[in-house]
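Working notes, beginning with the structure itself.
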Amino acid sequence: MTQLTTHYLGLELKSPIVASPSPLTSELSTLLRLVEAGVGAVVLPSLFEEDVESESWSLHDRLEAGTGLTPEASNFLPDLDYGHLLADRHLRLVERASQRLGVPVIASLNGNSAGGWVHYAQQLVAAGADAIELNMYDVAIDPKQTAAEVEGGYLALVREVRAAVDVPVALKVGPHFTSFANFALELVAAGADGLVLFNRFYQPDLDIETRDVTPRLTLSTSVDLRLPLRWIALLHPLLPKTSLALTSGVHSGADVVKALLAGADVVMTTSALLREGPEYVSALTESLIAYLTEHEYESVAQLRGSAAHDAATDPRAYERAQYIKVLSSWPGGHGPH
Amino acid sequence: MSERVWACVDGNEAAARVAHRLSDVCAIYPITPASNMGELADAYSAAGRTNLWGVVPAVVEFQSEAGAAGALHGAVTTGALGTTFTASQGLLLMLPVMYKIAGELTPAVIHVAARALATHALSIFGDHSDVMSARGTGWVMLSAASVQEAHDFALISHAATLRSRVPVMHFFDGFRTSHEVDKISLLDDDDLRALIRESDIAAHRARRLSPEHPQIRGTAQNPDVFFQGREAANTYYDEVGGIVARLFADLGERTGRNYGLVDYYGDPEAERVIVLMGSGTGAAREAVEVLRATGERVGVAVVRLYRPFPSAALAAALPATVKRIAVLDRCKEPGAPADPLHLDVLKALSDHCAEVPVIVGGRYGLGSKEFTPAMVAAVFTELQADKPRRHFTIGIVDDVTGHSLTVDQEFAVPTNAVQALFYGLGSDGTVGANKTTIKLIGEHTDLWAQGYFVYDSRKSGAVTVSHLRFGPDPIDSTYLITQADFVACHQFGLLERLPVLESARPGATLLLNSPYGADEVWEQLPANVQAQIVAKGVSVWVIDANRVAKEVGLGSRINTVMQPCFFALSGVLPVAEAIDLIKESVTATYAKRGASIVSRNHAAIDLALAAMSQVVVPEMAPQVPVSVEALPAHAPAFVRDVVVPLLREAGDLLPVSAMPVDGSFPSGTAQYEKRAIATEIPVWDPDLCIDCGKCVLACPHSAIRMKVFGPEQLAGAPEGFLSKPYASRDLPAGTLLSVQVAPDDCTGCGICVDVCPARSKEQVRHKSLDLAPAIGVRPAERPRYDFFLAIPEVDRLAVRHDTVKGSQLLQPLFEFSGACSGCGETPYLSLLTRLFGDRMLVANATGCSSIYGANLPTTPWSKNAAGRGPAWSNSLFEDNAEFGLGMRLAVEHRWTVAQQRLATLASTLDPELVAVLSAEPATDEADVARRRVAVESLKMALAGRDDPISTSLIADSDDLTPPSVWIVGGDGWAYDIGFGGLDHVLASGRNVNVLVLDTEVYSNTGGQASKATPRGAAAKFATSGKGTAKKDLGLLAQAYGDVYVAQIAIGANEMQTVRALQEAAAWPGPSLVIAYSTCIAHGIEMSTSMSHQRSAVASGYWPLYRVHPSPEPGTHPVSLDSKAPSIPVREFMAAETRFSMLAASDPERAEHLGQLAQADVNERWHYLTQLAGVERSMAVDPETSEALTTPEAAS
């Protein structure tokens, strides 16, 4: 039997295939199907502090809207006990998942205040999360804010959360940093136990009829694998003690293998599972096993990083971005004249 | 005895806390000011709170107070401990059953927040008119005079009814007691057990109606025995006084609070005594103390048990020295020899006193008119006169009959309480914060605390004034503060509008929420405020609370910023302690809504004190300019003499002669009140406008308008007056359009901007209407609006009425009402008056629409340049359909009479004229115009004739243009309390039009569930989510076959709305239009009040249809006007807090009800689609070939 075991954030996973946040990881029933299909761990959907606040304030504003308005009505809606606000529901999911799944449950969090990150990270841990994934992103639109200040904000947050919880903390970040290798090392120095590469963002779109901006998230394709693949490969030798997760663009067994070859400890997938269903994990696992068997790898551990930057036949291929080579790599392709 | 727990509660809560614990069944129905008792009982049971016997009481809402009383009768007859809560008209609806329950000697309790009865006008406020109407029912009547007494007497009532078998009506004054927050000592369960005897309960249960020991109750009796039977229960009444006295004694023993059937306070050798009951007692006792201190021998006797009247106890309570008595009644019984309590006292003392003192009677406090110690002193002064008036009034100036006493306004009662006044807006949280402040002080210190809250009668931009007292002694001051130590003005703009410092004592402190800092605010203060500050030596502090609230993310809610400042300046509590308590209270109140609510409020509290600073007041005040009210020259005298004083908060000073004798007020006075409450108002860009009229249609306050006119009208236009070419086949080339906001009348709801479809090509965000800060654009818009008003209205015959934009060119005759900003009801009324306003008779059910439609100070129903407009009246809540049908019957009768006269004179008149005037009237514009021209010709033709028929026909010539009768009301009326009448009216075949403004809850009383409330919505009286489906009123009505029925939603389909109202008006039989009306009780963003309706329709939640009966064979009367549901109903429901709050509270139930709601939608749509295919023709009379029940089918 081929050894699929891997280690991620200090946790032992029976498979390197991890279900990343999606509607599939937001319901216990589909989570159980994912586990049944063989995932090594699950990452629950992010608890967005902004959503939590928005729900609270919407409720509060509307309950308060008519108070003190007329002598005939002290208010216009009954006030109830709200034990099932978004945060409550989410924590309950964490609790039930950690009790029922039998694989590590990683809770994802997106805060929008320093206190909020810490507060909710602690609550997620208290609810039973085996690790915390900080879902960090920022569209740096303030022209007065420097790149160093943006990065400094990330680092401070990592330190705060790291100090506040006693489970591993991973960081899911976007690729848009000027010197990502340097920044990655700093994140680890600040206390990150792992890096998840990369966050895919909702990008604005425009409806040409209404001319409204319509935020939209499209499912990834295998093409999206390339960017994280490069950085996993580059970071693998630089951060030997840090867990690396590749997310985005993992759609096939081949994609899984590529991620592991590049040096990922785990491979996270969402879009493929949304398209194919939770049971697709089995197919990915079978492909991985087939590859390992065919190529006579004894384990995932043996495979992992075997084509990383420091182990690759042509390390410079990870470094280069020139398009001459890319274009000419097309079958029958030619470089520009 | 266990340690006493103190709490700060209002009178309603004080009563409900006891009533719920002593009841098995509470039959409830909302009515101001008693609604809170039912709400609390419902909330207690929803939270699983049990009665004294460990069972959760059944709290059940009924369709009316009559229904609640019937259920109470059934419950107590069958052995339950039953109670209900009511007031005013509600109590009147219970009267028939009250006679029955008393006649059957069955224990029951009604808790009443005593309120005025509607007579010349409706009043939601307190007096004893309602309870006095019940004094013949045979119920015991127990009068509580304070919040503590409302708590104590609730127990006495339940105990006394069980012991005596006689049902008890426990009453306390509406608002003054029902809504006053006081610190009271709570009765615990042991107190209740000590007074409620289990043996009495067992006896009650043993008497219950049961097939195990059957009885026949409620027989009909003949002349031989009815009389004797009526006398058979006398001994039970004889016992009541003794039973109540013993219970009072038991209570006193346990609590130290001693009450008698009649209590006397004052000089033991008093010569002059006032007798009264209710909350006025507090003011009377205070005045007595002041007068006694000056050596006057006066006293006050407080009647607690009013029925059976304790004659002997009254005689015994009075000092033997008393020579003159004034009995004060808080009600009016026109035509009676004296008001009720006065008569009772006269009879009692004539029976029990050897030498009967002089007994005079006075009337006070009707409709919550203030009753002060100064008035009490005036009564004592009157009693000193050689010949005191036998009947007088106190508290008003009666310059018609001269009955009123003169009050020495300088008479003051010294107090060691801190008195604080807070001026705020309904929307800024001032009232809520003050209620918290009272609780903090009352429940955490040894101080006594009292709060009373005065509200505006408008629902948008409503002003609230909070009167708070704190002191080392119990507070009996049952009147408003006139010598405040502390005044807070939470909205800077109110300084201009209200006499904020009028009630400040010399040396008082003023805390001002000001956008200007301490060093710049002085120059911004109105001159009269500056003058008062200097004259009274007021110390002034400012804080920019809006900035602080905004910084921490609290928006416009400034209450937690202002609250710490009050504590810091008033010194009622050490500041640090106060701040901790405020934070604790914020946590306790808001933590359940999310941590962020708590943390931001805490942040506001932390920032508040540092943001406050003191203003250096200059020594000399500038000259005070004479205040001139900016009234237009054409304002009628009535507006100047009556309406303006009301607007200036000086209505109390108006004499009797200023008032209409029958309550009729001129219409259209809202236009003279320029409230300027909007912070943002719309600005029009004509270059983008597509003339659609949607903004005008959607405006809840008719505050944005459009007019078309010829270019010559632009002469003299003020700078910046905008217009654009208006293309229309109906109007001459060169016609211009102007869309204009009424800058002082707009409430800034933003709906017009939300519905505006016209966006800029260059900048998508920019629409033809954008909101702009009002402060910047209002001055320029004022002359433009005045100019716009002066442009002649369009010729009504020149534009199409059956299109959205055509209808919006017509003048609205409903404008600037006090409805909520963003109200979903008022756009329908505005539209209705554009279409038919000059020929409408309106019967309006009590509710939101009668309040924003006719609550003084102003009247929004208005008239056109010809002086025509809707004639409006409100009868009651329950009888509105019948009221409207009565109007219709009168119209028909007048028509018949006029036709007879016309026929008599026909041979002497132009036959063409007669033909026009005798033709069956239609409601379309052309017919009305033709008829009005003909009426004028008729008048000319008859001028100079002096025969009686001609003169009567001239006098009543209006009858030849019969008005369109509209019966308007909310769902509480149409689905519940008035349904029986509505059904009857729909069955009548008569030409009436019914418009139901369906908000799906009792909006006016605060959002209680009605039968229109949909499944899955949380509402008061349905706090766990309504489990049953909404009643389908439209389907019920269409079953008649001759009723025109439409279900409309103006925000979803404007055209269908316009069409339906016109078809309804044209239909010669009954018509029913059910209009979806968004409401703040839905928990939606009100600026999207109109656009949100699209998802109501798209989800199938609110299908649009019209049912147009016809006698034509093969008719398909049902037209479905909306498409098949295209989104799940959950998507619609998720956007409304009334539904979503249930998911956050009880997700499983919400999920279940959500599934059922979808099933409701599916089933209804399936049914409607089948109905749309059904052939149905009205039955036709074979002899006349006319349709049965209606004279003819509408075109």
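The values are calculated or read from the model by the stated rules, or taken from the named source; none is laboratory data. Please read all numbers here as calculations on a predicted model, not as lab measurements. Virtual Cβ from ideal backbone geometry, glycine too; neighbours counted across all protein chains shown.
Summary table below
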{"item": "Residue identified as in contact with a Gly (Cβ under 8 Å, 6 or more places away or on another chain), over 16 Å from B:Gly429 (Cβ atoms) and away from every other protein chain (no Cβ under 12 Å) among B:Ser599, B:Ser613, B:Ser570", "result": "B:Ser613"}
{"item": "Residue in region B:423-430 that is touching a Cys at 6+ places or on another chain (Cβ under 9 Å), small (Gly, Ala, Ser), closer than 25 Å to A:Asp61 by Cα and within 14 Å of another protein chain (Cβ to nearest Cβ) present", "result": "yes"}
{"item": "Any pair with Cβ under 8 angstrom, 6 or more apart, that starts in region B:639-667 at a residue that is in the same structural domain as B:Ser457 (by TED's automatic domain parsing) and ends at one that is in a loop (DSSP other than H, G, I, E, B)", "result": "none"}
{"item": "Matching residues in region A:127-159 - criterion: being over 19 Å from A:Asp193 (Cα atoms) and either among the aliphatic types (A, V, I, L, M) or crowded, with 21+ Cβ neighbours inside 10 Å (or both)", "result": "A:Ala127, A:Val139, A:Ala140, A:Ile141, A:Ala147, A:Ala148, A:Val150"}
{"item": "Region A:163-198, residues that are assigned to a loop (DSSP other than H, G, I, E, B) and modelled with pLDDT of 95 or more", "result": "A:Val165, A:Asp166, A:Val167, A:Pro168, A:Ala190, A:Gly191, A:Ala192, A:Asp193"}
{"item": "Test: residue in region A:108-115 that is out of contact with any His (no Cβ under 9 Å at 6 or more places or on another chain), at pLDDT 95 or above and buried (at least 20 other Cβ atoms within 10 Å of the Cβ)", "result": "yes"}
{"item": "Test: residue in region B:973-986 that is within 14 Å of another protein chain (Cβ to nearest Cβ), touching a helix residue (DSSP H, G or I) at 6+ places or on another chain (Cβ under 6 Å) and aromatic (Phe, Trp, Tyr)", "result": "no"}
{"item": "Candidates B:Thr137, B:Thr106 - the one that is more than 14 Å from chain A (Cβ to nearest Cβ), part of a loop (DSSP other than H, G, I, E, B), in contact with a Leu (Cβ under 8 Å, 6 or more places away or on another chain) and β-branched (Val, Ile, Thr)", "result": "B:Thr137"}
{"item": "Condition met for B:His179 (within 14 Å of another protein chain (Cβ to nearest Cβ) and within 25 Å of B:Glu39 (Cα to Cα))", "result": "yes"}
{"item": "Test set (1) of a type outside the set (Phe, Trp, Tyr); (2) under 26 Å from B:Trp973 (Cα atoms); (3) not in a loop (DSSP other than H, G, I, E, B) - B:Ile31 fails condition number", "result": "(3)"}
{"item": "Any hit, region B:926-939, residues being modelled with pLDDT of 95 or more, surrounded by fewer than 19 Cβ atoms within 10 Å (Cβ to Cβ) and under 34 Å from the mean Cα position of the chain (by Cα)", "result": "no"}
{"item": "In region B:798-818, the residues that are over 22 Å from B:Ala727 (Cα atoms) and at pLDDT below 95", "result": "B:Gly818"}
{"item": "Scan of region B:53-77 for residues that are surrounded by fewer than 18 Cβ atoms within 10 Å (Cβ to Cβ) and either on the phi > 0 side of the Ramachandran plot or out of contact with any strand residue (DSSP E or B) (no Cβ under 9 Å at 6 or more places or on another chain) (or both), ordered by number", "result": "B:Trp53, B:Gly54, B:Val55, B:Val56"}
{"item": "Residues (of a type in the set (Gly, Ala, Ser) and at pLDDT 95 or above) located in region B:761-797", "result": "B:Ser768, B:Ala772, B:Ala780, B:Ala790"}
{"item": "Odd one out for B:Met562, checked against (1) at pLDDT 95 or above; (2) over 17 Å from B:Asn513 (Cβ atoms); (3) within 14 Å of chain A (Cβ to nearest Cβ); (4) within 34 Å of the chain's Cα centre (by Cα)", "result": "(2)"}
{"item": "Members of region A:137-149 that are within 19 Å of A:Leu109 (Cα to Cα) and out of contact with any strand residue (DSSP E or B) (no Cβ under 9 Å at 6 or more places or on another chain)", "result": "A:Asp138, A:Val139"}
{"item": "Whichever residue in region B:514-545 is under 18 Å from B:Gly424 (Cα atoms) and in contact with a Gly (Cβ under 9 Å, 6 or more places away or on another chain) and, among such residues, is surrounded by the fewest Cβ atoms within 10 Å (Cβ to Cβ)", "result": "B:Asp544"}
{"item": "In region B:737-792, residue nearest to the chain's Cα centre (by Cα) [restricted to those that are of a type in the set (S, T, N, Q) and surrounded by 19 or more Cβ atoms within 10 Å (Cβ to Cβ)]", "result": "B:Thr747"}
{"item": "Yes/no for B:Ala433 being touching a residue at least 60 places away in the same chain (Cβ under 8 Å), within 14 Å of another protein chain (Cβ to nearest Cβ) and surrounded by 23 or more Cβ atoms within 10 Å (Cβ to Cβ)", "result": "yes"}
{"item": "Wholly enclosed strands (runs of 3 or more DSSP E) of region B:984-1080 bearing at least 2 residues hydrophobic (A, V, I, L, M, F, W, C) and within 24 Å of the chain's Cα centre (by Cα)", "result": "B:993-998, B:1071-1076"}
{"item": "Residue match in region B:1123-1138 (condition: within 14 Å of another protein chain (Cβ to nearest Cβ) and assigned to a loop (DSSP other than H, G, I, E, B))", "result": "yes"}
{"item": "Residues of region B:834-846 that turn out to be part of a strand (DSSP E or B) and under 22 Å from B:Asp976 (Cβ atoms), as a count", "result": "3"}
{"item": "Verdict on B:Met1090 being crowded, with 21+ Cβ neighbours inside 10 Å and within 14 Å of another protein chain (Cβ to nearest Cβ)", "result": "no"}
{"item": "Flag for B:Glu577 being over 26 Å from B:Asp485 (Cβ atoms) and either of a type outside the set (A, V, I, L, M) or under 32 Å from the mean Cα position of the chain (by Cα) (or both)", "result": "no"}
{"item": "Residue match in region A:124-131 (condition: more than 14 Å from chain B (Cβ to nearest Cβ), under 20 Å from the mean Cα position of the chain (by Cα), in a strand (DSSP E or B) and more than 30 Å from B:Arg458 (Cβ to Cβ))", "result": "yes"}
